[in-house]
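Inspection log for the structure reproduced underneath, given as C-alpha cells.
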Amino acid sequence: MKKNNNLILSAITGFVLTANSIAAELVGEGPNLKPESRITQQQIESQELSLDEIRQAGLLIFTTPYTKADGYGDGPHDYTQQDQRSPTAGNRPTLQGNGSFLRVNGLDAQTCLECHAIVSNRTIPATLGIGGVGGINTSAIFQPDGIDVGDADFDGVADFNGRLINPPFLFGSGGVELLGLEMTQDLQLLRQKAIENPGQEILLESKGVVFGSIIADTAGALDVSNIKGVDADLVVKPFGRKGETATVRDFDIEAMAFHLGMQANEAFGGEHADADNDGVRNEISEGDLSALSIFLTTMQPPHEHKPKHHKQGKALFHEIGCASCHQPVLETRQKFLPYTMSGNIEQPFANAFYAVDLTQKPMKFKKNK
C-alpha cells in the first residue's frame, strides 16, 4: 500500500487519514473505492501492513460515498420476485423508481459516515467526527410497509408499523466485542458442564452477569427454558438493536448490504458472485471487510465526563440498584482482541487471523490491576 506522509490525526476517533487520498480522486463515473486503496486479506494475515495502514484502508471503506460502479444499491427491480425488501435478494423497490434510494427498509445512504458523524451534542456547535451517532434525520427506518403521514383517521397519529432506529456511536466497540467473546467462552464451558452432569441445574454466570440456568438430561439434551438475556446457543451478541450479532464483522456484513446495497463476498457467494444482480462483483472483499472491522474496533472508547455533582449521582446510581444491571466496570481476562472470519465464534482465540492489543494506541483501554 502506498504510503503518504501528509497525515490528519483525530484525537477523538484515533484514525489516521492521508489528506489527499480521498477528495482529489473522487472524480468521474468510475468506482470511488480505488483499487490502490484496497488491501487484501493476505496482506493483513501476513503482517505485511502496520495497524495504521490497515485502519486507513478501513476508514476508506467507512467514509467512501459508493457509486453504482462500486456496487452501490440493488439491481433492476423485478416485480415477479416475491421478496422485494431483502438486501440479500437485491430487489427492493425504490422511491419513484429512481433505482438507488428507498429511505425506508434500507438503501438509505451512500456511506456509513452519513449516519455516524456526531461525537457530542453537549457542545454548540456539535462536535463532529467519524464513528459518532446520528440525529433523527439519519435514523434508519426499518421494515415498515405502512406510513400514514397524511393521518387518514384524523387522530393526530402518523401511524408507522416499522422501527425507527437512531444510529449509535461506535467508539469502544473493540472492548465490547472482546467482552462478548470471553463471556460466550464461559457460557459454552458451562453448557458442557451441564451435559457432563445430567439433572444438575447449572447457573449461567459470566463476569457477574447471570443469564439464567440450564439442565441437561441423560441424553445430553438441554432444557433452555430458564435462559435469560441470551439465545439458546449461549452466544453473547452485543451488536444490533436486538442483539443479533456477536462481532462487528458480522454486523458490518448486514449493515453494508441493508443500508448501502454493498455485499460482502464471504456472505453473498464469493468474489465472482453478483447476488443483488447489479452487475458488480467483489463489492466488499474479505480484505475490505477485515480492514473495516479492525478500524471500527480500534477506535478509542468513550471517556466519562464528570460534572460538578457526579459523585452524588454515582452514589445514587448504586443505591437504587441501577448498577445491578448496568455494571460500571466489566473486565476481560486478556488484552488482545482476536479477529476471525464471519460466523466463526468457535475458539476465536485459537483461530484468529489477526489480533490487536486494546491497551495500546489508539484504543488505550485501561489495563487490569
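Here, each number is a calculation from the coordinates, and none is a lab measurement. Values in this document were obtained by computation on a predicted structure and should not be read as measured data. Backbone-built Cβ (ideal geometry, glycine too); neighbour counts: all protein chains shown.
Computed quantities for the displayed model
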quantity: Three-way shape call for region 279-369 based on the alpha-carbon gyration tensor, with the a/c threshold at 1.5; calculated: prolate
quantity: Chymotrypsin sites (Phe, Trp or Tyr not before Pro) within region 115-215, DSSP loop, no more than 11 other Cβ atoms inside 10 Å; calculated: PHE154
quantity: Low-density loop cleavage sites - GluC sites (Glu not before Pro) in region 268-325, where at most 16 other Cβ are within 10 Å (DSSP); calculated: GLU271, GLU304
quantity: Normalised contact order of region 105-214, rounded percent, pairs of Cα under 8 Å and 6 or more residues apart; calculated: 18
quantity: Span-rule helices in the chain, defined as complete DSSP H runs reaching 24 Å or more along the axis (Cα) with Kyte mean at least -1.0; calculated: 173-196
quantity: Projected area averaged over orientations for region 132-252, convex hull of C-alpha atoms, nm²; calculated: 10.9
quantity: Region 251-292: translational diffusion in µm²/s, Stokes-Einstein, Kirkwood Rh over Cα pairs, 20 °C, 1.002 mPa s; calculated: 215
quantity: Charge dipole (debye, nearest 20) of the chain; +1 at Cβ of Lys and Arg, -1 at Cβ of Asp and Glu; calculated: 2020
quantity: HN-Hα J in Hz across region 34-47 - Karplus 6.51, -1.76, 1.60, θ = phi - 60°, x for Gly and Pro; calculated: 5, x, 6, 8, 8, 10, 9, 4, 5, 4, 5, 5, 7, 6
quantity: Prolate/oblate/rounded call for region 78-160, Cα gyration tensor, a/c under 1.5 rounded; calculated: oblate
quantity: Global form of the chain, assessed from the alpha-carbon gyration tensor, a/c cut-off 1.5; calculated: rounded
quantity: Zero-based 5 Å bins, Cα pair distances in region 328-369, whole percents; calculated: 6, 21, 25, 20, 18, 9, 1
quantity: Percent antiparallel among DSSP beta bridges (both partners in the chain, rounded to 5); calculated: 90
